[in-house]
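Colleague: Dropping the structure in here first, questions after.
Just so it is clear, none of the values below were taken in a lab; they were calculated from the coordinates. Computed from a prediction, not measured in an experiment: that's the story for all the values here. As a convention, Cβ positions derive from the backbone with ideal geometry for all residues, glycine included, and neighbour counts pool all protein chains shown.
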Amino acid sequence: MLIPFHVLKVAQASGVLLKTEPAQRMSRLRLLKLLYIADRECLIEKSRPITGDRAVAMDHGPILSFTYDLIKGKDFGSPEWATYFRTVGRDVELAADPGVGKLSRYEIGKLQDVAARFAEQNDWEVAEYTHCFPEWKKNRPTGHSAKPIPMDDLLEATGLSAMKDALLANERAEVAADRAFSSAYRS
């Protein structure tokens, strides 16, 4: 992770994507793939992902693991997630608007751009697109399993290996600021 993971920010990013659909609903496969693609493109373009989530290689390509756990109701933040989304079979549906306050204009635009670029492709075509990512190819799991994608592999695949130390130092500073801000609020 290069930024702290926040359930509300991931909910807002998911909400932006779901709002691009007339029914404000999409398969969890599609949602996870679009979030991963947007996260990856933001990392390449701004040296910073949107979600702060951990990448995992699965059979159908890479996904964001904490977000997947939120959707399945298996993460500590699942109750907060459930205030905004409901799971209907294998689909995720927007139940309440989480807003966009934690997202930058750039991030909102990137999410909308990714949704628009893949609007005409079915879910499996979107999943297949993620199979071209070097970090997935290098960590492709065997059978029906999952394999973490190391940060080094993701940075190498996105051309950011030389910036690793600076990016990780930035993350440490953000985490420290987050903790300081959170404890100041609790006082």
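Colleague: Could you give me the ³J(HN,Hα) list for the range 129-143, computed from phi with Karplus coefficients 6.51, -1.76, 1.60 and θ = phi - 60°, whole Hz, x at Gly and Pro?
Modeller: Rounded to whole hertz, the list is 4, 5, 6, 7, 6, x, 5, 6, 4, 5, 10, 3, x, 9, x.
Colleague: Given the rule -39500 (n - 2.57) for each run of at least 4 DSSP H residues, summed and divided by the residues of the chain, what is its mean residue ellipticity at 222 nm, to the nearest 500 deg cm²/dmol?
Modeller: Per the formula, -16500 deg cm²/dmol.
Colleague: Quick one: check the C-alpha center-to-center distance for the range 5-44 versus the range 111-172, whole angstrom.
Modeller: 14
Colleague: When the Karplus curve 6.51 cos²θ - 1.76 cosθ + 1.60 is applied with θ = phi - 60°, which whole-Hz ³J(HN,Hα) does each residue of the range 103-114 get, with x for Gly and Pro?
Modeller: Working through the residues one at a time gives 9, 7, 4, 4, 5, 4, x, 5, 4, 5, 4, 4 Hz.
Colleague: Quick one: Karplus J couplings for the range 41-56, per residue in order, coefficients 6.51, -1.76, 1.60, θ = phi - 60°, nearest Hz, x for Gly and Pro?
Modeller: 5, 5, 4, 5, 7, 10, 6, 7, x, 7, 8, x, 7, 8, 7, 9
Colleague: Could you compute Rg(Cα) / (2.2 N^0.38 Å) for the range 1-154, with N its residue count?
Modeller: With N residues counted in the range 1-154, Rg over 2.2 N^0.38 Å equals 0.95.
Colleague: Moving on to the next point. For a Förster distance of 41 Å, can you work out the FRET efficiency between the beta-carbons of Ala162 and Asp113, rounded to the nearest 0.05?
Modeller: In this case the efficiency is close to 0.95.
Colleague: Answer with one residue from Leu111, Pro4, Met26: the one whose Cα lies farthest towards the positive end of the charge dipole of the chain, charges on Cβ with Lys, Arg +1 and Asp, Glu -1.
Modeller: Looking along the dipole axis, the top candidate is Pro4.
Colleague: So if I place +1 on the C-beta of Lys and Arg and -1 on the C-beta of Asp and Glu, and nothing else carries charge, what would the dipole magnitude of the chain be about its Cα centre? I want it in debye, nearest 20.
Modeller: With only Lys, Arg, Asp and Glu charged at Cβ, the dipole is about 300 debye.
Colleague: So how much slack lies between Lys147 and Asp69, counting 0.36 nm per residue of separation and subtracting their Cα-Cα distance, in nm?
Modeller: Length gained, Lys147 through Asp69: 26.6 nm.
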